[in-house]
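Visitor: This is the structure, below, for whatever I ask next.
Only the coordinates and a few stated rules stand behind these numbers; no lab work does. This one's a predicted model, so the numbers in the text were calculated from it and none came from an experiment. Please note: Cβ atoms are built from the backbone with ideal geometry, for glycine as well, and neighbour counts cover all protein chains shown.
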């Protein structure tokens, strides 16, 4: 998944078969990629909404819930873009 505004891009990815853990998140600024952690102000709060006790990727049931951080909303102004690839096969 990718969310972006201006020249800031936040990328989150998950490997198939893994138990969901919040994913691998990176920020891309001016073409350079930097890993981010949950303490970063632009970390995306992502969770799986599912009745499965331990949902695996790809999901057989449920969906991803993504909460954009306050800083992202404030910095993006009136417009941002979301790109999503469901699953590479």
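Visitor: Using 7 Å Cα-to-Cβ label points, what is the residue 60/residue 45 separation (nm, one decimal)?
Guide: Between residue 60 and residue 45, the simple spin-label model gives 3.0 nm.
Visitor: Express the relative contact order of the range 2-83 as a whole percentage, based on alpha carbon pairs under 8 Å and six or more residues apart in sequence.
Guide: Contact order relative to length: 32 percent.
Visitor: Pull out a ≥ b ≥ c, the square roots of the eigenvalues of the alpha-carbon gyration tensor of the chain, then state rounded if a/c is under 1.5, prolate if not and a/b is larger than b/c, and oblate in the remaining case.
Guide: Here the chain falls in the prolate category.
Visitor: Moving to a separate point now. Highest GNM mean-square fluctuation, the chain, Cα pairs closer than 10 Å: which of 48, 67, 11?
Guide: 67
Visitor: Sum -39500 (n - 2.57) across every DSSP H segment of at least 4 residues in the chain, then divide by the residue count to get the 222 nm mean residue ellipticity, nearest 500.
Guide: Rounded to the nearest 500, the figure is -2000 deg cm²/dmol.
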